[in-house]
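I have placed the structure first, in the form of structure tokens, so that the comments after it can refer back to it.
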Amino acid sequence: MSQTVEKVKSFIIGSGPAGYTAAIYASRANLVPVMYQGMEPGGQLTTTTEVENFPGYPKGIEGPAMMEDLRQQAERMGADIRWGVVTSVDLSKRPFKLATDDGKYFEAESVIIATGATAKYLGIESEEKFKGAGVSGCATCDGFFYKGKPVAVVGGGDTAAEDALYLSNIASKVYMIVRRDELRASKVMQDRVIKNPNIEVLWNHVTKEIVGTEKGFMKAVTGAILENVKKGEERKIEVDGFFVAIGHKPNTKLFEGQLQLDEQGYIITNADSTTTNIEGVFAAGDVQDHIFRQAITAAGSGCMAAIESERWLQSQE
């Protein structure tokens with residue numbers, strides 16, 4: 001029995017600011033895009049409480065509400081947005097072939113990838129409990145909420161050093177929790193951290209538990225229990241914000257062996273473009289951006305991907 005194949009001009013894999021913006025622009029270009037939102041519709045912002053740095057929301061907005069606004073706007077423009085996950089792709093030739101977890105098969109003239117990246121966390125139970133309520137994977141997104149308050153940053157690489165330095169200008173004090181007796185960050189970043197009077201590096205420490213208050217649905221971090229791995233001693237630090245900066249993992253497993261990825265797994269796009277090494281395949285948002293990782297830059301690249309996709313499709317006619 002032959003399988004039914006749905007043919008589309010533009011297929012968008014993933015949602016979030018990049019995917020939804022691509023859907024808005026692709027719809028306005030009459031590409032009638034089909035989007036599969038992925039396992040986490042709306043992306044990382046659905047785990048964020050208040051977003052204050054996205055233009056157009058002078059009073060701020062809850063992350064999930066903002067993503068719902070973008071989704072509704074894309075649908076109003078004509079995007080066909082569906083629940084589900086793309087399980088396989090064949091980008092070896094056009095039309096590109098895709099399969100989804102609801103048993104559907106597609107042939108697409110162009111593909112926009114907006115599968116994002118996932119922040120790496122410590123994996124402890126209390127961390128999960130306080131995500132979005134004091135625990136964050138993005139200092140530049142959420143640091144402002146801890147103005148004048150003590151915070152902690154976990155990690156010893158460049159990302160952790162950058163986050164600690166950024167937070168040192170906002171928070172009353174920054175504890176940097178490092179499991180070794182040295183930083184993995186570049187020499188210049190190490191020097192800046194060590195010389196910063198507002199940063200205290202806690203060498204040879206790991207996080208045992210994040211503690212806080214719970215009143216109904218309201219939760220708030222109040223501190224963390226740490227262990228000195230060399231001495232076996234525990235200590236508690238009082239903090240209002242707990243930032244995990246041990247890296248991000250781009251969601252690109254689906255494209256391994258087909259698209260050109262960098263050593264960290266991010267999709268490589270051409271300079272000032274969202275084009276990839278395969279014509280007709282475009283990548284937008286955190287799946288190809290390991291530097292900025294902001295909602296506004298993701299949305300901008302989603303716009304770029306849709307415009308480039310439209311122009312490329314026109315060139316093929």
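The values are calculated or read from the model by the stated rules, or taken from the named source; none is laboratory data. On a predicted model such as this, the values are computed, not experimentally measured, just so you know. Cβ: placed from backbone, ideal geometry, glycine included. Neighbour counts: every protein chain shown.
The rows are residues; the columns are (1) part of a strand (DSSP E or B); (2) farther than 23 Å from Gly123 by Cα; (3) of a type in the set (D, E, K, R).
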residue	(1), (2), (3)
Met176	yes, no, no
Glu182	no, no, yes
Val188	no, yes, no
Val201	yes, no, no
Ile210	yes, no, no
Glu214	yes, no, yes
Lys219	yes, no, yes
Gly232	no, no, no
Arg235	yes, no, yes
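Taking the criterion of being crowded, with 22+ Cβ neighbours inside 10 Å and small (Gly, Ala, Ser), the residues of segment 151-160 that qualify are Ala152, Gly155, Gly156, Ala160. Quick check on my filter: what residues within segment 237-264 are of a type in the set (Gly, Ala, Ser), part of a loop (DSSP other than H, G, I, E, B) and surrounded by 12 or more Cβ atoms within 10 Å (Cβ to Cβ)? Those that are of a type in the set (Gly, Ala, Ser), part of a loop (DSSP other than H, G, I, E, B) and surrounded by 12 or more Cβ atoms within 10 Å (Cβ to Cβ): Ala245, Gly247. Here Thr297 meets the list (1) among the β-branched types (Val, Ile, Thr); (2) in contact (Cβ under 8 Å) with a residue 40 or more places away in the chain; (3) surrounded by fewer than 21 Cβ atoms within 10 Å (Cβ to Cβ); (4) under 13 Å from Ala18 (Cβ atoms) almost entirely, failing just condition (2). Within segment 133-150, is even one residue surrounded by fewer than 18 Cβ atoms within 10 Å (Cβ to Cβ), under 23 Å from the mean Cα position of the chain (by Cα) and closer than 30 Å to Leu31 by Cβ? The answer is no, given that none of the residues of segment 133-150 is surrounded by fewer than 18 Cβ atoms within 10 Å (Cβ to Cβ), under 23 Å from the mean Cα position of the chain (by Cα) and closer than 30 Å to Leu31 by Cβ.
Apart from one condition, Gly103 fits all of (1) at pLDDT below 95; (2) not assigned by TED's automatic domain parsing to the domain that holds Pro41; the exception is (2).
Filtered by the rule that a residue be farther than 17 Å from Glu75 by Cβ and under 18 Å from the mean Cα position of the chain (by Cα), segment 1-35 gives a lone residue, Ile13. The residue of segment 188-201 that is farthest from Gly157 (Cα to Cα), among those that are surrounded by fewer than 17 Cβ atoms within 10 Å (Cβ to Cβ) and hydrophobic (A, V, I, L, M, F, W, C), is Ile194. Do we find that Glu162 is charged (D, E, K, R), modelled with pLDDT under 95 and not in a loop (DSSP other than H, G, I, E, B) in this structure? When the stated conditions are applied, Glu162 passes them.
Being assigned by TED's automatic domain parsing to the domain that holds Ile291 and of a type in the set (Gly, Ala, Ser) is a property that does not hold for Ala139. Going residue by residue through segment 1-14, is there one that turns out to be surrounded by fewer than 24 Cβ atoms within 10 Å (Cβ to Cβ), within 14 Å of Cys303 (Cα to Cα) and touching a Gly at 6+ places or on another chain (Cβ under 9 Å)? Looking through segment 1-14, none of the residues is surrounded by fewer than 24 Cβ atoms within 10 Å (Cβ to Cβ), within 14 Å of Cys303 (Cα to Cα) and touching a Gly at 6+ places or on another chain (Cβ under 9 Å).
Any chance segment 15-27 includes a residue that's part of a loop (DSSP other than H, G, I, E, B), buried (at least 22 other Cβ atoms within 10 Å of the Cβ) and modelled with pLDDT of 95 or more? Among the residues of segment 15-27, not one is part of a loop (DSSP other than H, G, I, E, B), buried (at least 22 other Cβ atoms within 10 Å of the Cβ) and modelled with pLDDT of 95 or more, which makes the answer no.
List the strands (runs of 3 or more DSSP E) inside segment 77-120, counting only whole elements, that have at least 1 residues being touching a Cys at 6+ places or on another chain (Cβ under 9 Å). Those strands (runs of 3 or more DSSP E) span 117-119.
Here's a check for you: in segment 274-294, which residue that is of a type in the set (A, V, I, L, M) and in a loop (DSSP other than H, G, I, E, B) is surrounded by the most Cβ atoms within 10 Å (Cβ to Cβ)? Of everything passing the filter in segment 274-294, Ala284 is surrounded by the most Cβ atoms within 10 Å (Cβ to Cβ). Pairing each residue of segment 146-159 that is within 27 Å of Ser186 (Cα to Cα) with any residue that is of a type in the set (Lys, Arg), provided the two are 6+ apart or on different chains, yields C-beta distances under 8 Å for Pro150/Lys173; Val151/Lys173; Gly156/Arg179; Gly156/Arg180; Gly156/Arg184; Gly157/Arg184; Asp158/Arg184. Condition first: within 30 Å of Arg94 (Cα to Cα) and in contact (Cβ under 8 Å) with a residue 60 or more places away in the chain. Can you find one or more residues in segment 230-249 that meet it? For segment 230-249, residues within 30 Å of Arg94 (Cα to Cα) and in contact (Cβ under 8 Å) with a residue 60 or more places away in the chain: present.
Only one of the numbered conditions (1) touching a Leu at 6+ places or on another chain (Cβ under 8 Å); (2) outside the structural domain of Ala283 (by TED's automatic domain parsing); (3) hydrophobic (A, V, I, L, M, F, W, C) is violated by Ala108, and that is (2).
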